[in-house]
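First comes the structure, then the notes that go with it.
The values are calculated or read from the model by the stated rules, or taken from the named source; none is laboratory data. None of these values were measured; they are calculated from a predicted model. Cβ placement follows ideal geometry from the backbone for every residue including glycine, while neighbour counts extend to all protein chains displayed. Please note that ligands, DNA and RNA were not included when accessible areas were found on the heavy atoms of the full protein model with its side chains. Shrake-Rupley method; radii C 1.70, N 1.55, O 1.52, S 1.80 Å.
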Amino acid sequence: MKRLILFFLLTTSLEAQTPAPEAHEPQAHFSLDSAAVYLRTLAVEIGPRPMGSPAEREAMAFTVRKFREFGIEESFVMPMVAVTTIAQTVNTNSGIAVGILRGKAQRTIVIGAHIDSSGPDVPGANDDASGCAVVIELARVLSQRENESTIVFALFGGEERGLLGSQYFVRHYPQIDSVVLMLQVDMANGSDWILPLIDVYEHSAPQWLVQAAYEEFRNLGPAKRGGLSYPTHFMTLNYAFPGAGIGSDHQSFLLRGIPAIDFTTDINDPIHTPQDTFENFRIEGLKRSGDLVYRLVERFDAGVPEERTGKYYLVQVGLIPLFIPLWVLTVFIAASVILAIVAALTLHSRREGQTNHSSVPQTRIPGLKLFLLMLIIQSCVWSSETVVGLLKGLRFPWYSDVQSYVVLGFLGGIVGIWLALQLAPRLNLSTEPYRYFLRAVSLLAVFILVLSLTTVKMAFYPATALFFLSIAVLVRPAWMKLVFWLVSAHWMYHLMFSEGFGLFARSLAAVPYSPLGSVLLHALMILFFSIWSFPFLAGFAAIWFQTGRDLLWVSSFRRPVGIVLAGMVFLATIIILVFQPSYTSRWKQLITVGQEVDLDSALVRIALRSSESLAGTRVQLSGLDTTIVERTTHAFIALRPFEGAPWVTTRRAVSIGPVSEGIVFDASLRVATLVRPYTLSATYHAEGGRIRDVGTPLVTHSTDTSVSVGWYSFPDTEVYIPIRFRVEGSGPARRTPTSRGSLAGGSVEERVVATFTQPFFGLHVQKEHASISYRTTVTRRERFSR
């Protein structure tokens with residue numbers, strides 16, 4: 001017994017001295033501090049990294065060095081010297097930083113992020129230096145363990161230009177057929193939620209991969225902030241059309257049939273702006289994303305299920321993902337149509353059974369009077385922001401706080417409802433429920449038909465409205481009718497005001513509309529949402545006249561006390577928002593300072609442009625200091641002679657020889673610049689003939705009358721361009737002095753355009769809570785004509 005007690009005490013003591021493993025931590029620990037150092041290096045020390053820039057190449061070289069430090073000797077940059085965008089081909093010096101950690105099997109797991117930022121003014125800390133930092137740290141962690149699978153770490157260039165790096169990778173990586181899984185990290189901010197992006201237009205990631213992501217995130221434990229949240233409605237709208245919407249590099253793998261998933265964070269963060277900085281980033285998100293990806297690698301290291309893609313509609317209930325097969329949506333849509341027919345027939349039979357029919361004559365356009373009321377309501381909704389904007393002298397007063405203005409629009413809609421109720425008695429509206437329900441059903445059926453041409457997921461939204469409106473008509477208790485009517489609007493409105501509504505709104509605000517353009521945009525919004533909302537107004541009219549009760553106390557609200565109460569709340573909200581900042585250190589106004597330099601006329605035109613009012617902008621130029629006071633979005637500053645050394649010089653050797661029915665243009669052009677240009681292009685335009693047999697590998701765009709060579713971004717300060725083509729229909733040619741006039745028939749014009757991010761003349765522009773972007777465009781022409 002004594003020996004037993006002694007053994008017990010000894011083992012207990014040893015257990016107490018041995019630290020217990022953390023229950024939810026992976027075996028090799030992801031270091032938040034190390035990842036934060038990588039993030040700072042990429043976003044602060046290197047800075048903005050547009051595709052092809054020296055900064056992007058420096059970031060790739062840094063990544064390869066880190067891979068090799070971790071013992072991943074097979075690390076290199078896969079170069080991209082020419083890539084094809086949606087519009088044209090672009091010459092570039094971009095690529096993909098690749099590290100291959102060989103496992104026991106050829107089976108490959110790719111862990112990716114994108115290394116480029118969206119522009120020369122965007123540090124891209126969140127999007128996507130954070131994802132790169134996660135991948136680099138995962139390379140360190142995973143290199144410390146034995147892996148069954150080969151793991152490829154890939155930091156793609158050109159994602160912001162259309163997923164160019166990942167598309168290049170899946171086409172040219174020699175062992176692409178061995179890739180069984182791709183895990184992407186595109187933004188790893190420490191915001192409340194991680195968004196799993198799983199879709200392309202044709203299909204989605206396989207169900208087993210998405211399910212595993214949710215399970216492994218839960219295994220990270222309650223200490224992890226937030227959770228996974230799939231943005232169902234935003235993703236449905238985002239992938240309604242082929243090639244449309246936002247995405248990331250995982251899509252290139254999904255399109256090839258490789259299981260892939262992307263983990264991103266709040267898409268309403270200030271990405272694609274100069275405010276995407278290290279200071280605005282919450283670094284705790286790095287470890288959360290890193291631990292999640294590590295667990296998935298660990299889970300599928302020994303292999304993955306056979307299913308490579310999936311087709312389903314993902315809905316998240318709480319933290320539980322529900323995978324609804326697409327055929328279920330199709331069945332539901334058909335059931336909603338059948339139910340609507342039953343409801344319409346039921347209303348029609350009751351109508352036929354009534355002895356007293358409405359004597360109100362039908363309008364020539366059915367529902368026109370009711371649609372007029374909807375226009376009034378939507379006008380108040382979309383004009384509410386204009387009221388605040390006029391008081392603040394701004395076009396987009398909601399820029400830093402979109403959600404508050406959604407509330408304001410709702411309150412404006414209540415005011416609009418009161419105004420519509422005052423007009424309604426004067427319109428002699430019909431009292432027959434059947435007529436209103438028929439209008440709602442007809443329009444929703446049109447929505448279903450049109451949206452079914454995109455995806456069945458899109459058609460599901462009006463089908464839900466049709467389904468619940470039909471139930472509202474069929475049930476008997478008035479309160480149940482009201483509840484089902486309210487539910488009927490949920491999905492269709494959630495589709496329009498989805499999880500990415502802030503991103504969509506700010507994208508529209510970034511466009512520099514003219515005053516007329518703003519009016520037309522508001523009119524378009526009012527018309528669109530009037531049509532989108534009309535079925536619910538017609539449905540409410542149907543159940544209102546069907547029950548004969550004062551649903552939602554509409555009759556009481558129509559009295560003057562209704563507008564007093566609604567107006568007071570509406571005005572109070574306006575007053576509060578007037579004193580709220582519209583632009584902050586996180587959400588800044590973007591002002592572009594454009595300088596157009598024509599080296600042929602030796603003139604410089606300087607102008608400021610913004611989508612927001614320029615009032616309050618301070619401009620310093622050649623010792624002069626002025627402040628713009630007008631509420632304008634475009635300000636002309638100066639037209640002055642060009643001074644100093646030209647930023648762009650050209651030298652060429654040209655040979656022009658006659659051939660049958662035309663000429664051959666053969667030239668070697670050298671373009672030199674004082675500093676690296678942001679973009680550079682040389683375009684040759686032929687008039688009076690057709691360009692044929694273009695003979696240079698650098699061509700980026702070609703038509704019957706022009707051929708272009710272009711670079712993005714920041715090519716060398718000296719570029720050599722060989723160009724050769726034949727012009728049909730032109731006679732012998734000779735070189736003539738440069739002229740800005742119209743071209744003679746059969747002539748060829750050379751136009752060199754370089755864009756820089758530096759200002760001329762020491763120009764300085766500033767405004768509180770504004771980011772200043774300088775763009776200097778230098779143009780030089782040379783002409784060759786018969």
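Out of curiosity, is G409 touching a helix residue (DSSP H, G or I) at 6+ places or on another chain (Cβ under 6 Å), crowded, with 22+ Cβ neighbours inside 10 Å and in a helix (DSSP H, G or I)?
Working: touching a helix residue (DSSP H, G or I) at 6+ places or on another chain (Cβ under 6 Å): yes; crowded, with 22+ Cβ neighbours inside 10 Å: no; in a helix (DSSP H, G or I): yes.
Considered against the rule, which asks whether it is touching a helix residue (DSSP H, G or I) at 6+ places or on another chain (Cβ under 6 Å), crowded, with 22+ Cβ neighbours inside 10 Å and in a helix (DSSP H, G or I), G409 comes out as no.
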- Message: Just the residues that are surrounded by 24 or more Cβ atoms within 10 Å (Cβ to Cβ) and not in a loop (DSSP other than H, G, I, E, B), please, taken from region 39-72.
- Response: L39, L42, A43, E56, A59, M60, T63, F67
- Query: Which one of these is open to solvent by 70 Å² or more (accessible area, probe 1.4 Å) and modelled with pLDDT of 85 or more: R670, R652?
  - Reply: R670
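Any residue in region 216-225 that is in a loop (DSSP other than H, G, I, E, B) and within 20 Å of L326 (Cα to Cα)?
Narrowing region 216-225 to residues in a loop (DSSP other than H, G, I, E, B): 220-225.
Filter once more, keeping what is within 20 Å of L326 (Cα to Cα): none.
Checked region 216-225: no residue is in a loop (DSSP other than H, G, I, E, B) and within 20 Å of L326 (Cα to Cα).
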- With criteria (1) open to solvent by 20 Å² or more (accessible area, probe 1.4 Å); (2) farther than 28 Å from L565 by Cβ, E432 comes up short on (1)
- Query: Hey, any hits in region 129-141 for a residue that's at pLDDT 95 or above, open to solvent by 10 Å² or more (accessible area, probe 1.4 Å) and either touching a Leu at 6+ places or on another chain (Cβ under 9 Å) or not in a helix (DSSP H, G or I) (or both)?
  - Reply: no
- Answer from E56, E74 - the residue that is in contact with a Pro (Cβ under 8 Å, 6 or more places away or on another chain) and at pLDDT 95 or above: E56
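Going by the conditions given, is I574 in contact with a helix residue (DSSP H, G or I) (Cβ under 7 Å, 6 or more places away or on another chain) and either of a type in the set (A, V, I, L, M) or open to solvent by less than 30 Å² (accessible area, probe 1.4 Å) (or both)? So that I can check it myself, show each step before the final result.
Values: in contact with a helix residue (DSSP H, G or I) (Cβ under 7 Å, 6 or more places away or on another chain): yes; either of a type in the set (A, V, I, L, M) or open to solvent by less than 30 Å² (accessible area, probe 1.4 Å) (or both): yes.
Against the criterion (in contact with a helix residue (DSSP H, G or I) (Cβ under 7 Å, 6 or more places away or on another chain) and either of a type in the set (A, V, I, L, M) or open to solvent by less than 30 Å² (accessible area, probe 1.4 Å) (or both)), I574 qualifies.
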- Query: When L444 is evaluated against the numbered criteria (1) farther than 30 Å from I628 by Cα; (2) open to solvent by 40 Å² or more (accessible area, probe 1.4 Å); (3) of a type outside the set (F, W, Y); (4) touching a helix residue (DSSP H, G or I) at 6+ places or on another chain (Cβ under 9 Å), which criterion, by number, is the only one it fails?
  - Reply: (2)
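Hey, can you tell me all the residues within region 73-86 that are touching a strand residue (DSSP E or B) at 6+ places or on another chain (Cβ under 8 Å) and in a loop (DSSP other than H, G, I, E, B)?
Filtering region 73-86 for residues touching a strand residue (DSSP E or B) at 6+ places or on another chain (Cβ under 8 Å) gives 74-84.
Of everything in region 73-86, just one residue is touching a strand residue (DSSP E or B) at 6+ places or on another chain (Cβ under 8 Å) and in a loop (DSSP other than H, G, I, E, B), namely E74.
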- Item | In region 142-165, the residues that are open to solvent by 10 Å² or more (accessible area, probe 1.4 Å) and either in a strand (DSSP E or B) or of a type in the set (G, A, S) (or both) | S143, G162
- Counting only residues that are touching a helix residue (DSSP H, G or I) at 6+ places or on another chain (Cβ under 9 Å), open to solvent by less than 20 Å² (accessible area, probe 1.4 Å) and in a loop (DSSP other than H, G, I, E, B), how many does region 274-305 have? 2
- Task: Determine which single condition P242 fails, assuming it passes every other condition in (1) in a loop (DSSP other than H, G, I, E, B); (2) over 25 Å from R586 (Cα atoms); (3) touching a residue at least 60 places away in the same chain (Cβ under 8 Å).
- Result: (3)
- Message: Could you check region 626-649 and list, in sequence order, the residues that are more than 30 Å from Q589 (Cα to Cα), open to solvent by 30 Å² or more (accessible area, probe 1.4 Å) and either at pLDDT 90 or above or part of a strand (DSSP E or B) (or both)?
- Response: P641, T649
- Note on the structure: Quick count over region 293-335, residues being more than 21 Å from T232 (Cα to Cα) and of a type in the set (G, A, S), is 4
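Could you tell me whether A188 is under 30 Å from T85 (Cβ atoms), buried (at least 20 other Cβ atoms within 10 Å of the Cβ) and among the hydrophobic types (A, V, I, L, M, F, W, C)?
Working: under 30 Å from T85 (Cβ atoms): yes; buried (at least 20 other Cβ atoms within 10 Å of the Cβ): yes; among the hydrophobic types (A, V, I, L, M, F, W, C): yes.
Here the answer is yes, as A188 does meet what is asked.
From the list V569, V597, V604, pick out the single residue that is open to solvent by less than 80 Å² (accessible area, probe 1.4 Å) and at pLDDT 95 or above.
On the way: V597 fails: at pLDDT 95 or above; V604 fails: at pLDDT 95 or above.
Matching residue, one of V569, V597, V604: V569.
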- Message: Being open to solvent by less than 50 Å² (accessible area, probe 1.4 Å) and either part of a loop (DSSP other than H, G, I, E, B) or touching a Phe, Trp or Tyr at 6+ places or on another chain (Cβ under 6 Å) (or both) is the filter here; which residues of region 259-273 pass it?
- Response: P259, A260, T265, I267, N268, D269, P270, I271, T273
- Query: Since R395 meets every condition but one in (1) of a type in the set (D, E, K, R); (2) within 30 Å of E630 (Cβ to Cβ); (3) in a helix (DSSP H, G or I), which condition does it not meet?
  - Reply: (3)
- Sort out which residues of region 191-226 are under 23 Å from C132 (Cα atoms), loosely packed, with under 15 Cβ neighbours inside 10 Å and among the small types (G, A, S), and write them in order of number. none
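In region 309-356, how many are in contact with a Leu (Cβ under 9 Å, 6 or more places away or on another chain) and either among the basic types (K, R) or closer than 26 Å to L449 by Cβ (or both)? If you could, list the steps in order and put the result at the bottom.
Taking region 309-356 and keeping what is in contact with a Leu (Cβ under 9 Å, 6 or more places away or on another chain), we get 309-316, 319, 321-324, 333, 336-337, 339-340, 342-344, 346-348.
Filter once more, keeping what is either among the basic types (K, R) or closer than 26 Å to L449 by Cβ (or both): 311-315, 324, 333, 336-337, 339-340, 342-344, 346-348.
Qualifying residue count for the region: 17.
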- For region 675-693, what are the residues that are free of Cβ contacts under 8 Å to residues at least 40 places away in the same chain and either under 23 Å from T777 (Cβ atoms) or surrounded by 16 or more Cβ atoms within 10 Å (Cβ to Cβ) (or both)? I691
- Item | Residue count, region 691-707 (criterion: out of contact with any Lys or Arg (no Cβ under 9 Å at 6 or more places or on another chain) and either more than 23 Å from P54 (Cα to Cα) or among the charged types (D, E, K, R) (or both)) | 5
- Can you find even one residue in region 576-593 that is part of a loop (DSSP other than H, G, I, E, B) and farther than 30 Å from D276 by Cα? no
- Item | Pair list, Cβ under 6 Å, 6 or more apart: region 103-122 residue over 15 Å from I72 (Cα atoms) and open to solvent by 30 Å² or more (accessible area, probe 1.4 Å), other residue assigned to a loop (DSSP other than H, G, I, E, B) and of a type in the set (K, R) | none
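Being touching a Leu at 6+ places or on another chain (Cβ under 6 Å) and modelled with pLDDT under 95 is the filter; apply it to region 750-786 and report the residue that is least open to solvent (accessible area, probe 1.4 Å).
L763
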- Message: If Y684 satisfies all but one of (1) closer than 26 Å to G157 by Cβ; (2) modelled with pLDDT of 85 or more, what's the number of the condition it fails?
- Response: (1)
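Here's the yes/no breakdown for (1) modelled with pLDDT of 95 or more; (2) under 22 Å from N238 (Cα atoms):
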position	(1), (2)
S117	yes, yes
V122	yes, no
T150	yes, no
F169	yes, no
L183	yes, yes
V210	yes, yes
A223	no, no
- Do we find a residue being at positive phi and surrounded by fewer than 21 Cβ atoms within 10 Å (Cβ to Cβ) anywhere in region 459-475? no
